[in-house]
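Any read-out appearing in this document is the output of simple, stated calculations on the displayed coordinates, not a laboratory observation. Just so it is clear, the model here is predicted, and its values are computed rather than measured. So basically every Cβ, Gly included, is an ideal-geometry build from the backbone, and we count neighbours across all protein chains shown.
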Amino acid sequence: MPEPAIVRPGGPFDLDDATAYQAWRRLKNAAGCAPKPVEIQDLTHLDDSERARILDECAVRNFALFRVRGVASDDEAALQSFGRRLGLLDIDQNLCAEDSGVTAITVKPTATDNVYIPYTSRPLGWHTDGYYNAGLAQVRAWLLYCVQPAAEGGANELLDHEIAYIRVRDENPGWIRALMAPDAFTIPSNTEGGQQIRPDHSGPVFSVSPVDGSLHMRYSARQRNVIWKDDPDTLAASAFLLDLFQRGDDRMFRYRLAAGEGLISNNVLHRRDGFRDAPEQGLKRLIYRARYYQRLPRPEE
């Protein structure tokens, strides 16, 4: 069954409330794209000021860059503690996650029928995490933490999904209406070991949380991963987004994580460059990832 997109009456995401939209748009456009790294002493003991700075950064642009001074004895446990301190409690236990729910993103065999690009050295196209998840299993936030960068490449690029919303709405508000339709795009089923682990399901690209009114986006630029609704406005909006990613935008943030650095976000759009490992030199890329069903709280919460 298609998943509905919820829009509260009034507010910036109501197409009939131009006043609220323009006020919100001015605030979003006033923010720069490059965050200042938040310096953290210890992932397992995030203090109040460190927590406040991360939440402040995410309130402005939906993502934050952080840098850890201390070295954890157990990275997975430290990241779990870090997430909990920020109010992120429910980890998305995806197919290739470790028992902790934290996933080691590195070049490795996954013992699955399908090749999953994150576990190769190939580039990853623009997407939001968990775009294939249905219903209440939407990924609202994620974090990345770099233990070891590759010998070459592997930079990430991010774009706040709220900026993508602005670009689409400014071009054609009707495209937003199309992308909020409950059948805007369909994710094909996934089969592993002869068993279907996920059926086809349809849903919106943009939706609004009924809990806090925040904007959520589900998207993948991999055309064979998404079946777009055969509708002129939907197809035009899809083509506009692809063109946006190809031509670039001044709000895109590009960064190559060094060891001890990380990113945390309200599931913004992102991509990854391809990379080259040199394991004989101890340079094999290892990034830990955790994905959550909650957004990061607002700074005052």
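Set the Förster radius R0 to 35 Å, insert the Cβ-Cβ distance between residue 56 and residue 240 as r into 1/(1 + (r/R0)^6), and round the FRET efficiency to 0.05. Efficiency for this residue pair is about 0.65.
First check a/c for segment 39-184, with a ≥ b ≥ c the square roots of the eigenvalues of its C-alpha gyration tensor; if it is under 1.5, answer rounded, and if not, answer prolate when a/b is larger than b/c or oblate otherwise. Here segment 39-184 falls in the oblate category. Considering segment 215-275 at the alpha-carbon level, its Rg and Dmax are found to be 14.4, 46 Å.
Quick check: residue separation of residue 73 and residue 300 times 0.36 nm, minus the Cα distance between them. What number comes out in nm?
Answer, rounded to one decimal: 78.6 nm.
Per-residue ellipticity at 222 nm from helix content only, as computed over the chain with -39500 (n - 2.57) for each DSSP H run of at least four residues, stands at -7500 deg cm²/dmol. Expressed in units of 2.2 N^0.38 Å, where N is the residue count, the Cα radius of gyration of segment 114-158 is 1.37. Here's the picture: charge each Lys and Arg Cβ at +1 and each Asp and Glu Cβ at -1 in segment 54-189, and of 146, 166, 119 the one pushed furthest to the positive end of that dipole is 166. Each Lys and Arg adds +1 at its Cβ and each Asp and Glu adds -1 at its Cβ; summed about the Cα centre, segment 145-301 shows a dipole of about 360 debye.
As a proxy for reagent exposure, ranking 108, 28 by other Cβ atoms within 10 Å from fewest up yields 108, 28. Rounded to the nearest 20, the size of the Cβ-charge dipole of the chain about its Cα centre is 540 debye, with Lys and Arg at +1 and Asp and Glu at -1.
Taking R0 as 22 Å, what's the FRET efficiency between residue 189 and residue 223 from their Cβ-Cβ distance, rounded to 0.05?
0.85
Our compactness index for the chain, the C-alpha radius of gyration over the empirical 2.2 N^0.38 Å, is 0.98. Taking the charge dipole of the chain about its Cα centre, with +1 at Lys and Arg Cβ atoms and -1 at Asp and Glu Cβ atoms, the residue from 66, 207, 30 reaching farthest to the positive side is 30. Could you list, bin by bin from short to long, the percent of Cα-Cα pairs of segment 164-301 in 10 Å steps? Per 10 Å bin, starting at zero, the Cα-Cα P(r) for segment 164-301 comes out as 9, 30, 34, 22, 5, 0 percent.
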